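Peer 1: My structure is below; once you've seen it, I'll send some questions.
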Amino acid sequence: MAALELMPAAQPALTTTEAPPSTSSSQPSQKSMSKAERRELQEKQRAAKIAQKQQPPGDAPNKPKSKPKPVAPQNPTQPSGADASRSKDATSAPTMDAAEMSKSRNLRIFSHFGLPKHGPGLKGDIHPCIVRLALQFSEFKICGANARCIATLTAFKTVIQDYTTPPNNTLSRHLMTHLSPQITHLVSARPMSVTMGNAIRQLKLEISGSDIDMPEQDAKDLLCQKIDDYIRDRIIIADEVIQDLACRKIKDGDVILTYARSSVVEKVLLSAHKQGKRFSVIVVDSRPLLEGKELLKALTSAPPVSWTLSNDSLLPPPPPIPCTYALLPALPSLITEATSVILGAHSLHSNGAVFSRAGTALVALMAKQHSVPVLVCCETYKFSEGVMLDGFGKNELAPSHLFRDISTSSQEPNLEILNPLYDLTPPSCITAVVTEVGLIPPSSISSIPMALGRISL
Amino acid sequence: MNIWATYQRKLEDEQISPPLAAILSLVDLCATSTAGTMFELVKALNEGSDSLKQHSPNPISINAGCELFIAFVTLFPHDSASFSDLKMELVKQGETYVRQALTYRRKIGELAVDFIKDDSVILTHSYSRVVMETLLLAHRSKRISVFVTEARPRGLGVKTAQALTAAGIPCTVILDSAVAYAMDKVDLVLVGSEAVVESGGLINAVGSLNIAIIAKSSHKPFYALAESYKFHRLFPLSQYDLPSHNPRILSFPPPIEQDNILGHPSSAVGSEVPSSRITQEEIAKNNPDVDYTRPDLISLVFSDIGSLTPGGVSAYLVGMFAG
């Protein structure tokens, strides 16, 4: 902060705009800026103005990072927990101020990580189901790449059905402008996942390609049908194929190690059990989300299989899956037991790197070290065309107010808990990626979109 | 018709490798089949390939050929007037393919020869037709000398050595266990293959993995030669994930004469005799025929579609089957 405030003093002549001093650090004159730069500056100024308006005058300007959204009372959906913390904030205002200052200093190198942006409340007419979905996202009630994508598409179906084209406009031209603020609202709750991005891109394409002469209701029905098809083809059916392929790699007597919870991995393990394979599972888990507990619950409460008749003899139901639950620090002593590692993914980049829950890279690295094969289950709609080299360039932080079980964070002014949600597993640590088009080595990911014809879409 | 007998007969031809023999057997099956529809024909072909696989102790290379032919049949545009015409067309195409495939070795040899420098020492493993072709081709323009491993249990390295010596190439048979000893004298390793799999790895006569690991650690290039009909849609995760693996391999014999050791000679009746005599056949029985070489150990794969890195092989396979 100190450095930022010194800068304008050094170059006072250049700041001709009326921007607040903290944001106009070192800007060249507007004429020498490109169009994009000018727009960026404008937006910065606008944001600063809003921030100034909404905050009591004593606060630091870039505060709203981790503090719960300072909402006006007309928003009744704000959970009561946040209300309580807000009132606490109000009482301890001076100490919190100091904490905020140091926090912004500590987090400065991580400040580009996506955090829920609690900007100005509802902007534009946001559909109620999007408002609800955004809350579910920001509270981590809906979490996971597949779940979020399905939930988003389902909500968009409602939005599309409730939409009427304004007069003198066409659906194919106008619907997207109606959807954009909804998407913006969802993104403000939690950064967009790659899966959502891919699905929305596909949806945009379908909208712009819809026939201009079609009656409105028919066009809307067709779009909803397209959304259903997308969910079915790219997620549901893809998962079934992946289950089938991954199950073939599970043999009797195997010990499967998995990390956190992935919906696909859960399905794979359950269906392998259903096929009567005798294997055991080690669930490795880690704070802050502790998603592995959910997986453990699902595996241990696998539906009881009744006695089966085979070759005229009654076979007893297979015993439940033997499971071990351990936290990440126990991994080195458990990895030697494992015969294979099966992981889920948030997204897969074209250099073969897997972006997944924080901790996955550690598990994959350790497995490689012990030459245990690592399988990553990932549908092709999670593929991203970009290249990622580390988990630092782009990531997301778990909002500290949701996962604060170390009670010190509010009392220790110099302590900031950093919980990146994802990390990047380099392709060299992965043996194979299980997709609906087969098992492929991570280095050949880039040849898949072509095979699926996604480039032409 | 007995497809296994047909397959055996086709294999008698020195030039025909197992995948091609499998394709030719399926072509014969196609010609004699009474199937009246595409569905019946594909069903008959699948049954034929299953029976081939069941008879063979090592189904991997047969599978590669069968898969290729069945994929070809199912994707073949059938616009001919009658189904028997279509079948004749398929038979013709199959035979043309095999005839063409026989020229692949020459093509591969021409690609690989450029990587062999004058006066180089080459290590090869067991016996491979495509390696022989390449070495003989290299011998015409370059001075080469060859180490060939004995390749137990089948001992095919001796066959290679005989053929090379007859052609005038200096050649020495080395023990499988002497590969590490010899590696420092070697300039490059050249091996054939049973199948090239989707990971870009290689399935070949047992011992190839040892050679690949030793070559990697001595920083010597390890080249594999494979005709494109050996490319196989398979992704082994480990040695025990291969279709050729069975519980008998690496199994332990039931323990004997425990009582003797414990000092109770009561039930040990002449048990000294079987334990002391372990025959070669017995050893071979508990050992694998093939092993899987990981892609990171392979420098290049020469094939009739070009010289590929292991990554390129998998990209080609993914593009061919996943499309």
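Peer 1: Please tell me if B:TYR181 is among the aromatic types (Phe, Trp, Tyr) and under 22 Å from B:PRO19 (Cβ atoms).
Peer 2: no
Peer 1: Among the residues of region A:124-158 satisfying the criterion of being closer than 18 Å to A:LEU179 by Cα and in a loop (DSSP other than H, G, I, E, B), which is modelled with the lowest pLDDT?
Peer 2: Filtering region A:124-158 for residues that are closer than 18 Å to A:LEU179 by Cα and in a loop (DSSP other than H, G, I, E, B), the one modelled with the lowest pLDDT comes out as A:GLY124.
Peer 1: Any idea which residue in region A:135-163 is surrounded by the most Cβ atoms within 10 Å (Cβ to Cβ), counting only those that are in contact (Cβ under 8 Å) with a residue 24 or more places away in the chain and of a type in the set (A, V, I, L, M)?
Peer 2: For region A:135-163, the residue satisfying everything is A:ALA145.
Peer 1: Just to check your reading of the model, which residue among B:PHE83, B:PHE72, B:PHE76 is under 21 Å from B:PRO18 (Cβ atoms) and either of a type in the set (Phe, Trp, Tyr) or touching a Gly at 6+ places or on another chain (Cβ under 7 Å) (or both)?
Peer 2: Just one listed residue meets the conditions, B:PHE72.
Peer 1: Can you give me the number of residues within region A:256-276 that are under 18 Å from A:VAL374 (Cβ atoms) and either surrounded by fewer than 19 Cβ atoms within 10 Å (Cβ to Cβ) or not β-branched (Val, Ile, Thr) (or both)?
Peer 2: 8
Peer 1: Starting from region B:231-249, take each residue that is more than 20 Å from B:GLY311 (Cβ to Cβ) and list its partners that are of a type in the set (Asp, Glu), counting only C-beta distances under 7 angstrom and pairs at least six apart or across chains.
Peer 2: Close Cβ pairs satisfying both conditions: B:GLN239/B:ASP291; B:SER244/B:ASP289.
Peer 1: Can you tell me how many residues within region A:294-315 are modelled with pLDDT under 75 and more than 15 Å from A:LYS274 (Cβ to Cβ)?
Peer 2: Total meeting the criteria: 5.
Peer 1: So, one more: Please pick out the residue among B:ALA64, B:ALA31 that is at pLDDT below 90, surrounded by fewer than 19 Cβ atoms within 10 Å (Cβ to Cβ) and among the aliphatic types (A, V, I, L, M).
Peer 2: B:ALA31
Peer 1: Which one of these does B:ALA205 not meet: (1) within 14 Å of another protein chain (Cβ to nearest Cβ); (2) modelled with pLDDT under 95?
Peer 2: Failed condition: (1).
Peer 1: Here's a follow-up. Could you give me the residue pairs with C-beta distances under 7 Å whose first residue belongs to region A:218-246 and is free of Cβ contacts under 8 Å to residues at least 24 places away in the same chain, whose second residue is in a helix (DSSP H, G or I) and surrounded by 15 or more Cβ atoms within 10 Å (Cβ to Cβ) wherever it lies, and which are 6+ apart or on separate chains?
Peer 2: Filtered contacts from region A:218-246: A:LYS226/A:GLU206.
Peer 1: Any idea which residue in region B:229-251 is farthest from the other protein chains (Cβ to nearest Cβ), counting only those that are closer than 15 Å to B:ASN63 by Cβ and of a type in the set (Ser, Thr, Tyr)?
Peer 2: B:TYR229
Peer 1: Output the qualifying pairs, or none if there are none: Cβ atoms under 7 angstrom, residues six or more apart or on different chains, first residue in region A:429-442 and at the interface with chain B (Cβ under 7 Å from one of its Cβ atoms), second residue among the aromatic types (Phe, Trp, Tyr) and in a helix (DSSP H, G or I).
Peer 2: Sorted first by the residue in region A:429-442, then by its partner, the pairs are A:GLY438/B:PHE321.
Peer 1: Considering region B:29-59 alone, what residues qualify as being charged (D, E, K, R) and either closer than 22 Å to B:VAL130 by Cβ or in contact with a Gly (Cβ under 9 Å, 6 or more places away or on another chain) (or both)?
Peer 2: Answer for region B:29-59, where residues must be charged (D, E, K, R) and either closer than 22 Å to B:VAL130 by Cβ or in contact with a Gly (Cβ under 9 Å, 6 or more places away or on another chain) (or both): there is none.
Peer 1: Could you check region B:119-147 and list, in sequence order, the residues that are surrounded by fewer than 24 Cβ atoms within 10 Å (Cβ to Cβ) and farther than 12 Å from B:LEU188 by Cα?
Peer 2: B:TYR127, B:ARG129, B:MET132, B:GLU133, B:LEU136, B:LEU137, B:HIS139, B:ARG140, B:SER141, B:LYS142, B:ARG143
The values are calculated or read from the model by the stated rules, or taken from the named source; none is laboratory data. Nothing here was measured: the structure is a model prediction, and the numbers come from that model. Every residue, glycine as well, gets a Cβ built from its backbone with ideal geometry; the counts of neighbours run over all protein chains shown.
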